[in-house]
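Asker: Sharing a structure with you now.
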Amino acid sequence: MTKPCIICVAITGSVPQKADNPAVPITVEEQIESTHAAFDAGASIAHCHVRMDDGTPTSDPERFALLGEGIRKHCPGMIVQFSTGGRSGAGQARGGMLPLRPDMASLSVGSNNFPTRVYENPPDLVDWLAGEMQIYEVVPEIEAFDLSHILQSIRLHEEGRLYGKLYVQFVMGVKNAMPADKDVFDFYVQLMQARAPQAEWCAAGIGANQIRVNEWAIAAGGHTRTGLEDNVRLSKDALAPSNAALVARAVEICEKYERPVASAAQARDMLGLRAAV
């Protein structure tokens, strides 16, 4: 396969702490440093959350601004993708960073169960977040935790309610949501090819499923996500020493399947993004 593979690195998320793995970056400075190493290793998208210095998740736009500026300075051309996920804030606070005009932002278009709670994405909030992304020209990455989320995103895009090119990420392996099941994955891929052939898609696996889903996605011609947000281990017996190490592992899988790794410029072109600032 000659199609370049876009590698997204999810650098910290809202859940992992240094007690889980000392390499988890918490402060803005740590995140910038970790992202720079992952960029050098082959990542072209940085999926960004921000934390308070004690590790508490937040949606603070000022911290997002500092993180975005640092990534743009130290990782020229890298795609900056801010999270609007519900662990960091509630209601419209989840989109308070969108006026900063990141290249992309995550968008969940439906609710589902998480390990200990319901991940709530009511229709009015989804509409508001999608509308803000339209206003500020932010391309959403749809985080699909369920089949209905894929179908909903295709419908919203057909109706012109999602800005830019449709980009759907299959999130597999979250407890109480969609498991990392190969038959389901294959169905998702077939569905995207049949219902949204012009779209791009990627896949992320949680915990030990990360390497498995990375390989499925790369082998099937899609894109993939890795990083310490989703998985803090390199193997059953070893913690991942860095985000860069997890990116390097995804690069090795690309080499196995003779997939070139997308540069930031190639990723921008495939996703229909504006030129880097």
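The values are calculated or read from the model by the stated rules, or taken from the named source; none is laboratory data. Keep in mind the model is a prediction, meaning the values are calculated, not measured. Every residue, glycine as well, gets a Cβ built from its backbone with ideal geometry; the counts of neighbours run over all protein chains shown. Ligands, DNA and RNA are excluded from the accessible area calculation, which covers all protein heavy atoms including side chains. Shrake-Rupley method; radii C 1.70, N 1.55, O 1.52, S 1.80 Å.
Asker: Quickly run through segment 161-177 and pick out the residues that are assigned to a loop (DSSP other than H, G, I, E, B) and either touching a helix residue (DSSP H, G or I) at 6+ places or on another chain (Cβ under 9 Å) or open to solvent by less than 10 Å² (accessible area, probe 1.4 Å) (or both).
Answerer: Arg161, Leu162, Tyr163, Gly164, Lys165, Leu166, Gly173, listed by residue number.
Asker: Also: Within segment 255-276, track down each residue that is part of a loop (DSSP other than H, G, I, E, B), out of contact with any Pro (no Cβ under 8 Å at 6 or more places or on another chain) and either under 16 Å from Met1 (Cα atoms) or open to solvent by 70 Å² or more (accessible area, probe 1.4 Å) (or both). Let's see the steps before the verdict.
Answerer: Applying the first criterion (part of a loop (DSSP other than H, G, I, E, B)) to segment 255-276 yields 257-260, 262-263, 272-276.
Filter once more, keeping what is out of contact with any Pro (no Cβ under 8 Å at 6 or more places or on another chain): 257-258, 272-275.
Of everything in segment 255-276, those that are part of a loop (DSSP other than H, G, I, E, B), out of contact with any Pro (no Cβ under 8 Å at 6 or more places or on another chain) and either under 16 Å from Met1 (Cα atoms) or open to solvent by 70 Å² or more (accessible area, probe 1.4 Å) (or both) turn out to be Tyr257, Glu258, Arg274, Ala275.
Asker: Has segment 81-101 got at least one residue that is farther than 23 Å from Asp146 by Cβ, open to solvent by less than 10 Å² (accessible area, probe 1.4 Å) and of a type outside the set (A, V, I, L, M)?
Answerer: Of segment 81-101, the ones farther than 23 Å from Asp146 by Cβ are 92-93, 96-101.
Next, from what is left, pick out any that are open to solvent by less than 10 Å² (accessible area, probe 1.4 Å): 97-98.
Keeping just the survivors that are of a type outside the set (A, V, I, L, M) gives none.
No, segment 81-101 contains no residue that is farther than 23 Å from Asp146 by Cβ, open to solvent by less than 10 Å² (accessible area, probe 1.4 Å) and of a type outside the set (A, V, I, L, M).
Asker: Which of the numbered conditions does Ala93 fail, given that it passes all the others? Conditions: (1) at pLDDT 95 or above; (2) more than 21 Å from Gly221 (Cβ to Cβ); (3) of a type in the set (A, V, I, L, M).
Answerer: Of everything listed in (1) at pLDDT 95 or above; (2) more than 21 Å from Gly221 (Cβ to Cβ); (3) of a type in the set (A, V, I, L, M), Ala93 misses just condition (1).
Asker: Could you tell me how many of the residues in segment 121-130 are surrounded by 14 or more Cβ atoms within 10 Å (Cβ to Cβ) and either more than 19 Å from the chain's Cα centre (by Cα) or modelled with pLDDT under 95 (or both)? I'd like the intermediate steps shown before the answer.
Answerer: First pass over segment 121-130, keeping only residues surrounded by 14 or more Cβ atoms within 10 Å (Cβ to Cβ): 121, 125-126, 128-130.
Next, from what is left, pick out any that are either more than 19 Å from the chain's Cα centre (by Cα) or modelled with pLDDT under 95 (or both): 125, 128.
Going through segment 121-130 one residue at a time, the tally reaches 2.
Asker: Identify the residue in segment 141-160 that is open to solvent by 10 Å² or more (accessible area, probe 1.4 Å) and within 19 Å of Gly207 (Cβ to Cβ) and, among all such residues, is nearest to the chain's Cα centre (by Cα).
Answerer: Glu143
Asker: A further question on this structure: Any residue at all in segment 64-72 that is charged (D, E, K, R), modelled with pLDDT of 95 or more, within 30 Å of Ile253 (Cβ to Cβ) and out of contact with any helix residue (DSSP H, G or I) (no Cβ under 8 Å at 6 or more places or on another chain)?
Answerer: Within segment 64-72, one or more residues are charged (D, E, K, R), modelled with pLDDT of 95 or more, within 30 Å of Ile253 (Cβ to Cβ) and out of contact with any helix residue (DSSP H, G or I) (no Cβ under 8 Å at 6 or more places or on another chain).
Asker: Still on this structure, please answer the following. If you take the residues in segment 178-192 that are assigned to a helix (DSSP H, G or I) and of a type in the set (Asp, Glu), which one is least open to solvent (accessible area, probe 1.4 Å)?
Answerer: Asp186
Asker: Here is a follow-up. Please return the ranges of strands (runs of 3 or more DSSP E) entirely within segment 193-254 where 2 or more residues are crowded, with 23+ Cβ neighbours inside 10 Å.
Answerer: Ranges flagged: 200-205, 223-226.
Asker: Scan segment 117-134 and give yes if some residue there is polar (S, T, N, Q), assigned to a helix (DSSP H, G or I) and touching a residue at least 24 places away in the same chain (Cβ under 8 Å), otherwise no.
Answerer: yes
Asker: Is segment 1-10 home to any residue that is open to solvent by less than 30 Å² (accessible area, probe 1.4 Å), out of contact with any strand residue (DSSP E or B) (no Cβ under 8 Å at 6 or more places or on another chain) and under 19 Å from Ser88 (Cα atoms)?
Answerer: The answer is no; no qualifying residue exists.
Asker: Next question. Can you confirm whether Ser111 is free of Cβ contacts under 8 Å to residues at least 24 places away in the same chain and either of a type in the set (Ser, Thr, Tyr) or closer than 22 Å to Phe82 by Cβ (or both)?
Answerer: yes
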